[in-house]
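Have a look at the structure below before the remarks.
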Amino acid sequence: MEECIFCKIVKGEIPSEKVYENDSVYAFKDISPEAPVHVLIIPKKHIKSINEITREDSEILLEVFLAASKIAEMNGIKEDGYRLVSNCGDRAGQTVKHLHFHFLGGRDLKWPPG
Ligand code: 5GP
Ligand code: ZN
């Protein structure tokens, strides 16, 4: 996936503000934050969206959720509350076609989202 911007971020070809990293996931600050804490958690493996996840990816997905919990702790908002959301497809507003989870916290979040 030569042209994928999130693959380039994982490879360090595009700079990003790293928040957390392990063998299978990378987390970095969203360039256009919608909350005081807005982090993108992505698998290092190029997966297009939720629709392309297979059972082989189950460990990676577990790491995404463990990363979310760690990021909440690092920001002191684990008990406060936060949201993890993945937009899938055009109608949901997925602009980058590399699976990612928005970690949002640090303010009251409305429900349902727009
Ligand atoms: P989506 O709209 O696909 O759910 O979310 C894509 C997110 O990626 C957006 O919130 C957008 O601000 C963020 N984003 C797009 N390009 C970059 C980039 O080059 N660096 C960072 N840090 N975030 C980006
Ligand atoms: Zn990619």
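Mind listing which GluC sites (Glu not before Pro) in the range 60-95 are in a DSSP loop and have 12 or fewer other Cβ atoms within 10 Å?
Values: sites: GLU63, GLU73, GLU79; in loops: GLU79.
Those satisfying the criteria are GLU79.
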Result for the chain, cysteines with no Cys Cβ partner under 4.7 Å, is CYS88
Straight distance only, please: which aspartates and glutamates reach the Cα of LYS110 with their own Cα at less than 16 Å, same-chain residues fewer than 8 apart left out? GLU34, ASP80
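Assuming a ≥ b ≥ c are the square roots of the Cα gyration tensor eigenvalues, decide whether the range 51-101 counts as rounded (a/c under 1.5), prolate (otherwise, with a/b larger than b/c) or oblate.
Values: a/c = 3.16, a/b = 1.45, b/c = 2.18.
Here the range 51-101 falls in the oblate category.
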Going by a ≥ b ≥ c, the root eigenvalues of the Cα gyration tensor, does the range 5-105 fall in the rounded group (a/c under 1.5), the prolate group (a/b larger than b/c) or the oblate group? rounded
Per-residue ³J(HN,Hα) for the range 51-68, Karplus 6.51 cos²θ - 1.76 cosθ + 1.60, θ = phi - 60°, Hz, x for Gly and Pro: 4, 9, 5, 10, 4, 4, 8, 4, 4, 4, 5, 4, 5, 4, 5, 5, 5, 4
What aspartates and glutamates could a cross-link reach from LYS48, if we take a straight Cα to Cα line under 15 Å and drop same-chain neighbours fewer than 8 places away? GLU2, GLU3, GLU56, ASP57, ASP90
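Might you tell me the accessible area per residue for the chain, computed with a 1.4 Å probe and given in Å²? Intermediate values should be presented prior to the final figure.
Details: 7200 Å² over 114 residues.
About 63 Å² of surface per residue is accessible.
Can you pull out the trypsin sites (Lys or Arg not before Pro) in the range 52-112 that DSSP calls coil and that have at most 12 other Cβ atoms within 10 Å? Don't jump to the answer; show the numbers that get you there.
Numbers: sites: ARG55, LYS70, LYS78, ARG83, ARG91, LYS97, ARG107, LYS110; in loops: LYS78, LYS97, ARG107, LYS110.
Filter output for the range 52-112: LYS110.
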So for the chain, averaging the separation of alpha carbon pairs under 8 Å that are six or more residues apart and normalising by length, what relative contact order in percent results? 30
At 1.4 Å probe size, with no ligands or nucleic acids counted, give the accessible surface of ILE5 in Å², nearest ten. 80
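The values are calculated or read from the model by the stated rules, or taken from the named source; none is laboratory data. Note that the structure is a prediction, hence the values are computed from the model and not measured. Heads up, the Cβs are rebuilt from the backbone with ideal geometry, glycines too, and the neighbour counts pull from every protein chain shown. Each accessible area value is taken on the protein alone, full model and side chains, heavy atoms only, with ligands, DNA and RNA left out. Shrake-Rupley method; radii C 1.70, N 1.55, O 1.52, S 1.80 Å.
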